[in-house]
Amino acid sequence: MSSYQKRSKDELARRVAQDIPDGAYVNLGIGQPTLVANHIPAGREVILHSENGILGMGPAPAAGHEDYDLINAGKQPVTLLPGGAFFHHADSFGMMRGGHLDVCVLGAFQVSATGDLANWSTGEPGAIPAVGGAMDLAVGARQTWVMMDLLTRDGQSKLVARCSYPLTGLACVKRVYTDLATFECTPDGLVLVDAVPGLSRAGLERLTGLSLLEKA
């Protein structure tokens, strides 16, 4: 039996950050994606956008130095890098919808093998819909990446052949970064990019119930 260890939340954030190109304009979604700001490689300029109207966010502030007048869309305190700017919410959504962001990193409930995204509702009775700006980002950013645990708490794969939850966007996800592996979504299905040590492609296929293509 294979033995492997999941990526921690910070290790996963570091894995996402290493793929963001120099000079990119990037929106980090609420939840796990906000951790990516703390792991941008030294010497790489990445301009972080928050949908509540900030461009040029830095990493999270040190304990005791939080300014709750300076928060991201998830109401977490952030820092501002030199040259950072504040602007109206409507202008922020104009950036998102107008194709001015290179990458957005979002959480998800489900992602299909061809890149359909479901991240705003499980459709359960009484569930509170939480779409926020996800639909705008999913179709407006040049690339949509998802950052999530591969499995639910009861062991079901969040990567699926076809989403059963209400959709956020169709064929919009290009990459999926999880605690066990990294994938690319293509019209032909999922391509395995990398996996944690000790976890094979066959092992991932058993966990997800999906056939995985090898990266060319």
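The values are calculated or read from the model by the stated rules, or taken from the named source; none is laboratory data. Since the model is a prediction, treat every value here as computed from it, not as a measurement. Quick reminder, even Gly has a Cβ in these numbers, built from the backbone with ideal geometry, and neighbours come from all protein chains shown. These area figures cover heavy atoms from the full protein model, side chains too; ligands, DNA and RNA do not enter into them. Shrake-Rupley method; radii C 1.70, N 1.55, O 1.52, S 1.80 Å.
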Considering only residues of segment 121-146 that are crowded, with 23+ Cβ neighbours inside 10 Å and among the β-branched types (V, I, T), which is nearest to R14 (Cα to Cα)?
-> V146
Mind checking whether some residue in segment 18-29 is of a type outside the set (G, A, S), assigned to a helix (DSSP H, G or I) and modelled with pLDDT of 95 or more?
-> yes
Those residues of segment 58-94 which are in contact with a strand residue (DSSP E or B) (Cβ under 9 Å, 6 or more places away or on another chain), at pLDDT 95 or above, surrounded by 14 or more Cβ atoms within 10 Å (Cβ to Cβ) and under 24 Å from V139 (Cβ atoms) amount to S92
Residue satisfying condition, being at pLDDT 95 or above, of a type in the set (A, V, I, L, M, F, W, C), open to solvent by 30 Å² or more (accessible area, probe 1.4 Å) and under 25 Å from P21 (Cα atoms), within set A195, A181 | A195
Output the qualifying pairs, or none if there are none: Cβ atoms under 7 angstrom, residues six or more apart or on different chains, first residue in segment 68-89 and in contact (Cβ under 8 Å) with a residue 60 or more places away in the chain and under 15 Å from L28 (Cα atoms), second residue open to solvent by less than 50 Å² (accessible area, probe 1.4 Å) and hydroxyl-bearing (S, T, Y).
-> A73/S50
Are any of the residues in segment 103-120 without any contact (Cβ under 8 Å) to a residue 60 or more places away in the chain and surrounded by fewer than 17 Cβ atoms within 10 Å (Cβ to Cβ)?
-> no
Answer with yes or no whether T186 is of a type outside the set (A, V, I, L, M, F, W, C), in contact with a Gly (Cβ under 9 Å, 6 or more places away or on another chain) and surrounded by 14 or more Cβ atoms within 10 Å (Cβ to Cβ).
-> yes
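For E45, state whether it is touching an Asp or Glu at 6+ places or on another chain (Cβ under 8 Å), in a loop (DSSP other than H, G, I, E, B) and among the acidic types (D, E).
Here the answer is yes, as E45 does meet what is asked.
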State which residue is modelled with the lowest pLDDT when the search covers only segment 41-52 and only residues that are surrounded by fewer than 20 Cβ atoms within 10 Å (Cβ to Cβ) and in contact with a helix residue (DSSP H, G or I) (Cβ under 8 Å, 6 or more places away or on another chain).
-> N52
